[in-house]
Amino acid sequence: MEKVSLNDLVYGFEPLEIVAPDPNHKADEAELQKSIQKSKKMVVVIEKHKRRRAISNT
């Protein structure tokens, strides 16, 4: 495959390896809920920023 350079980093485009997840893996539900809440808060912040930016550009 051809190698491409971007910002002095060289990338080779090899096919990705598909890995099957472990069926016995259990997610930490408390950590998952914390992550979901953090993501929701971040989306709210981004939306507020977008609205402020749209208002200031008009």
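Here are some notes:
Yes/no matrix, rows are residues, columns are (1) among the hydroxyl-bearing types (Ser, Thr, Tyr); (2) at pLDDT 75 or above:
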site	(1), (2)
Leu6	no, no
Gly12	no, no
Glu17	no, yes
Ala20	no, yes
Asn24	no, yes
Glu29	no, yes
Ser35	yes, yes
Lys38	no, yes
Lys41	no, yes
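- Count of segment 20-42 residues, restricted to those that are assigned to a helix (DSSP H, G or I) and either in contact (Cβ under 8 Å) with a residue 60 or more places away in the chain or open to solvent by 80 Å² or more (accessible area, probe 1.4 Å) (or both), is 9.
The values are calculated or read from the model by the stated rules, or taken from the named source; none is laboratory data. Quick caveat, the model's predicted, so the values are computed rather than measured. Note that each Cβ is placed from the backbone with ideal geometry, even for glycine, and that neighbours are counted across all protein chains shown. The accessibility values were calculated without ligands, DNA or RNA, using every heavy atom of the protein model including side chains. Shrake-Rupley method; radii C 1.70, N 1.55, O 1.52, S 1.80 Å.
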